[in-house]
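A.B. asks: Let me begin by handing over the structure; questions about it come next.
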Amino acid sequence: MSSPNPFMDLQSLILVVDDDPDLRKLITEFLSGHGYRVASAENVAAMRRSIESERPDLVILDTMMPGEDGLSAARRLATERGPPVIMLSALGSDTDRIIGLEVGADDYLAKPCNPRELLARVRAVLRRRRAEEPDPAAQRKIYEFAGWRLDVLRRDLRDPTGIFIELSDGEFSLLHSFVEHPQHVLTRDQLLDCAHGGDREVHDRAIDSQISRLRRKLNERGDVELIRTVRNEGYMLLPKVARL
């Protein structure tokens, strides 16, 4: 089986906006052949309808078209925080390029352009846009279990009555591991990897001690067993966990 092409991105939708039907067809077929989904529009009005209905990831936009021109459209998209824009223009001077970038385009190419250069610019703009998006892993994560509430971003644990429970770094990391894998046995090695990044200077006994302290803090606030020792295997968080 051949290895997948790392540049094939079947999830990205590119919108090509140009009043030249032959050029639209050329760009559409070329980008489609490199794994992208591609839509096209003949003017800015059609572009706006397509953006509303299809929500493209990137727009390739001609500057000179009947009706509203590409520069005005790019400025409006930037103001509305719309998809990134690569401008294509028969005007290829430095001044024209600077104007295109100043109105909000993410990149600017003069016509005629090499399709492979356009492809490289598409990949680069999409990579930059994705790098600017917030990391889902860094977004706020809140877990609820047996009346308890753990806010991971704020490192805030509340008991069923809403009282804050202070945890050490190690205890917090262990509890985070448990709520990510509820009702599954986690071995000491797995907990070591989750809580200490595989630091082998932290021994099994240290894990046992931290779990003992964590369990004691949880048990002080209720009589329901939350963390169970599974003999010769590891530990398991017993209640179901809901992620908010």
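A.B. asks: So, with +1 on the Cβ of K and R and -1 on the Cβ of D and E, and no other charges, what is the size of the charge dipole of segment 1-132 about its Cα centre, to the nearest 20 debye?
C.D. replies: Taking the Cα centre of segment 1-132 as origin, the dipole is about 500 debye.
A.B. asks: Still on this model: Rounded to a whole number of µm²/s, how large is the Stokes-Einstein D of segment 13-133 at 37 °C and 0.692 mPa s, given Rh as the Kirkwood radius over C-alpha pairs?
C.D. replies: 234
A.B. asks: If the cut-off is a Cα-Cα distance under 20 Å, which lysines reach Lys240, setting aside same-chain residues fewer than 8 apart in sequence?
C.D. replies: By straight Cα distance, Lys240 reaches Lys141, Lys217.
A.B. asks: In the chain, if the dipole is taken from +1 on Lys/Arg beta carbons and -1 on Asp/Glu beta carbons about the Cα centre, which of Pro83, Leu26, Leu192 is farthest to the positive end?
C.D. replies: Leu192
A.B. asks: Okay, moving on. What ³J(HN,Hα) values, in whole Hz, does the Karplus curve 6.51 cos²θ - 1.76 cosθ + 1.60 give for segment 169-183 when θ = phi - 60°, with x put for Gly and Pro?
C.D. replies: Listing the rounded values in order: 4, x, 5, 4, 4, 5, 5, 4, 4, 5, 6, 6, 9, x, 6 Hz.
A.B. asks: Can you put Met87, Met65 in order of Cβ neighbours within 10 angstrom, beginning with the fewest?
C.D. replies: Taking fewest neighbouring Cβ atoms as first place, the list is Met65, Met87.
A.B. asks: Let's test this: bin the Cα-Cα distances of the chain at 10 Å from zero up to the farthest pair and state each bin's percent.
C.D. replies: Once binned at 10 Å, the Cα pair distances of the chain give 7, 25, 18, 10, 15, 17, 8, 1.
A.B. asks: What is the local net charge at Leu237, summed over the other residues whose Cβ is closer than 12 Å to its Cβ (Lys, Arg +1; Asp, Glu -1)?
C.D. replies: That works out to +1.
A.B. asks: Here's another thing I want to ask about it. Could you work out the relative contact order of the chain, using alpha carbon pairs under 8 angstrom and six or more residues apart, expressed as a whole percent?
C.D. replies: Reported relative contact order: 12 percent.
A.B. asks: Determine the gain in length on full extension of the stretch Thr187-His34; use 0.36 nm per residue of separation and subtract their C-alpha separation, reporting nm with one decimal.
C.D. replies: So the extension gain works out to 50.7 nm.
A.B. asks: Please give every one of the lysines within straight-line cross-link reach of Lys111, meaning a C-alpha to C-alpha distance under 28 Å, and leave out same-chain neighbours fewer than 8 residues apart.
C.D. replies: Lys25
A.B. asks: Answer with one residue from Leu226, Met47, Tyr143: the one whose Cα lies farthest towards the positive end of the charge dipole of the chain, charges on Cβ with Lys, Arg +1 and Asp, Glu -1.
C.D. replies: In the chain, that residue is Leu226.
A.B. asks: Sort Ile98, Ile227 by Cβ crowding within 10 Å, fewest neighbours at the top.
C.D. replies: Result, fewest neighbours first: Ile98, Ile227.
A.B. asks: How large is the dipole of the chain about the Cα centre if only Lys and Arg carry +1 and Asp and Glu carry -1, each at its Cβ, rounded to the nearest 20 debye?
C.D. replies: Its charge dipole is roughly 760 debye.
Read-outs throughout are calculated quantities, based only on the coordinates presented, and are distinct from any laboratory measurement. Computed from a predicted model, the values in this text were never measured in an experiment. In this analysis, Cβ positions are derived from the backbone assuming ideal geometry, glycine residues included, and neighbour counts consider all displayed protein chains.
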